[in-house]
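The values are calculated or read from the model by the stated rules, or taken from the named source; none is laboratory data. Note that the structure is a prediction, hence the values are computed from the model and not measured. Cβ: placed from backbone, ideal geometry, glycine included. Neighbour counts: every protein chain shown.
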Amino acid sequence: MDYLFPPAPQPSIPVVGETQVFPVHRIFCVGRNYVAHAQEMGGEVDREAPWYFTKSAHAVCHSGTTIPYPPGTTNLHYEVELAVALGAAVFEGDLSTAQNAIYGYGCALDMTRRDRQQDGKDHRRPWDLGKDIENGAVLTPLTRAGDVGDLSGRRIQLLVNGALKQDAVLDDMVWSVPEIISHLSRYYHLQAGDLILTGTPAGVGPVVAGDHLTAQIDGLSALSLTLSSA
Ligand code: MN
């Protein structure tokens, strides 16, 4: 291919115990998938169907890095989430097809300009400025699904400067991982490389320059992120 200029590098995520990396295609994010978080945001869970927003694959930021506080906000929030990585195509798939398409899991942060997201809600506009942030999809290395096993009973936690802010179990998710994949596959030809961030539990809040975030989901790689000092 004779490009006019060099194309952007392919975003990717490391895999635990592998030398090859996982190439990221698309990032889908589930809204309001924990009841207590929906309530803290002044909303309710929609039990009819899950719903989504997206982030660019180029928003991927590797755990362990230091990033600048992003422009255009004075209210940057963390949201810790289970990330699901697909290793096979799914279109109009049932629950078992969905389960079998999972390559692995990671711990993620859905970094959010909460003020810009609120603007979107107030004016009935899209959430892109609030959600599709450069470095706004923070991801740990993936652990292969076969090495993770059953997700039930696993804790998901986030700490800011060592203080516990979010603490839940994955069982608290309204829509299970196979339910989300199956539903999303009615709208997209899902394929290997697609990532799904499955929503955040209660306890979201702001961070400032100089803060250090850590997060953990039982059985997965631990996450860390530092916001550089102003
Ligand atoms: Mn989120």
Filter the stretch 67-91 for residues that are assigned to a strand (DSSP E or B) and within 16 Å of the ligand (Cβ to nearest atom); the one that is surrounded by the most Cβ atoms within 10 Å (Cβ to Cβ) is Glu81
Notebook entry, point to check: Do we have any residue at all in the stretch 182-191 that's touching a Lys or Arg at 6+ places or on another chain (Cβ under 9 Å) and exposed (fewer than 15 other Cβ atoms within 10 Å of the Cβ)?
Noted result: yes
Turns out the strands (runs of 3 or more DSSP E) fully within the stretch 146-230 with at least 1 residues that are under 14 Å from the mean Cα position of the chain (by Cα) are 155-160, 195-197, 212-217, 223-227
Arg116 meets each of (1) closer than 19 Å to Leu197 by Cα; (2) out of contact with any Cys (no Cβ under 8 Å at 6 or more places or on another chain); (3) at pLDDT 95 or above; (4) among the charged types (D, E, K, R) with one exception, condition (1)
Original post:
Does at least one position in the stretch 199-206 carry a residue that is more than 15 Å from the ligand (Cβ to nearest atom) and among the hydrophobic types (A, V, I, L, M, F, W, C)?
Top reply: no
Output for Cβ contacts, cut-off 9 Å, separation at least six or different chains, first residue farther than 14 Å from Met173 by Cβ in the stretch 137-160, second basic (Lys, Arg) and not in a loop (DSSP other than H, G, I, E, B), reads Ala137/Lys55; Gln157/Lys165; Leu158/Lys165; Leu159/Lys165
Log entry, pairs with first residue in the stretch 197-218 being without any contact (Cβ under 8 Å) to a residue 40 or more places away in the chain, second being away from the ligand (no atom under 15 Å from the Cβ) and in a loop (DSSP other than H, G, I, E, B), beta carbons closer than 7 Å, six or more apart or on different chains, reads Gly210/Ser229
